[in-house]
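Accompanying notes for the structure given below.
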């Protein structure tokens, strides 16, 4: 074999055996001072070309999620290619062509970039070789993996603010960008051979998350009042006057049961559990679908609900009727007063509104006794057809009532339907406070295979990736109230009960506590490994129109996953830039990889 043929073979080699081929060539060139220079130039220019070809193939391949036009893709590839070799080598002797890689079913799977380069040799005086032709190839195909994506979007009241100097609100721009992202992901999914390659869930959040009122009765809901927080604002045992149908009560250790036929002389028979569901039914108001944060540590985990560990069950939000202001010295700051406080007048058999009831905390001018009335369960008794209760029951509670702070539309579980996703995003409305942790936690729960939502693939399934995309425009917030409750009711209950501080070892503010729980939730998500022994979840976070110095920026940065290049998947954007951020995330998720 001649020196020329060996060198030519090396320069056109597409595999990885450069060293072997060049090793056979080298003895024929030994002794020439020009060999070292030529060898260095060959390796350098081939490496530059291969890197540039790979970069252009990857860049144009990512564009497949937006177009299949070969000319457009080729022009895009050329732009990247020549930008990468500019100033490093002579581009005059290079040509680039791009072709589409298709499956047997004529489905576009990727792109192939071919670069032809005529290398002018310096060895012409020695070997009579004036140039060599190099053929560089880079082919990429869409990663044949299935993806599950939770789109978690802040629906708090501030998302109704205009942004970017336009007449569009943050929520309008965010939802438009989210729909474009969903379409982008479905476009990439068309290149996969897996069944249901793209599944997307939608999780609106504000002060709480709505998991859907149709889930009442599910085994993972606390239907019997066994969770330690279920009776937090209900005092079944605090009053001897409970109304007609509830009779007495019995504490079982796990909850309370009513007693049928109760009297002082007869204990009667236990009947249904007395729960928040009892109160919803008593005033004929449907549960809207929001749930409270589980007690620590389960508020930060995806532990599957189990009635043997009652705190893992999900408790419906029930905002209690806050007390009336009955005297000038009582507090008028209770905002969620939707029933009049009342008591049974045993002498007349009628419900009346009293000024003083011995032992029942109805004294005028006493704020602590005023607060006691918040706990009364008898206010909600559905059997009463007396006095003013009927008119109170029939009125439109509006924003107030037992569903206070349940302001968002329900979660849309994982679905393969792009139309379903678009409809869920379009249905979003801004209102309420902000609980970023609730959004992240429920995004996680929509992707896991465990109850309550079970459409996610198991962690033992290979080549499946899970992504959580979280967008918020501001800090966690906890609604204040200058009463004995210390706050308005929320998914954390009242501040007076201190649940938001559970599990935290340091003294901190409400917002700091919410931030700490959010970070712990994110850490728990990112710690899970999949069957490929890689992180099962990738978390993208977007701070949208968030002011510098806001604590949520630190939270979102900490929550975001870290890419292989060390970059955090955290985006800090304003106005129209939200569209670019969503598109960049979609491109990252597309999972395009070099196949050759």
Would you say residue 151 is under 25 Å from the mean Cα position of the chain (by Cα), modelled with pLDDT under 95, under 15 Å from residue 589 (Cβ atoms) and not in a loop (DSSP other than H, G, I, E, B)? no
Tell me which residues, restricted to region 405-424, are part of a helix (DSSP H, G or I) and free of Cβ contacts under 8 Å to residues at least 40 places away in the same chain. 419, 420, 423
Run down 453, 540 and say which single residue is part of a loop (DSSP other than H, G, I, E, B), crowded, with 20+ Cβ neighbours inside 10 Å and in contact with a strand residue (DSSP E or B) (Cβ under 7 Å, 6 or more places away or on another chain). 453
Within region 212-232, residues buried (at least 24 other Cβ atoms within 10 Å of the Cβ) and under 29 Å from residue 171 (Cα atoms) come out as none
Out of all the residues in region 505-513, is one or more in a helix (DSSP H, G or I), buried (at least 20 other Cβ atoms within 10 Å of the Cβ) and either under 23 Å from the mean Cα position of the chain (by Cα) or on the phi > 0 side of the Ramachandran plot (or both)? yes
In region 559-571, which residues are modelled with pLDDT of 95 or more and surrounded by fewer than 16 Cβ atoms within 10 Å (Cβ to Cβ)? none
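The values are calculated or read from the model by the stated rules, or taken from the named source; none is laboratory data. For clarity, every value in this text was computed on a predicted model and none was experimentally measured. Counting neighbours? That spans all protein chains shown, and the Cβs are built from the backbone with ideal geometry, glycine included.
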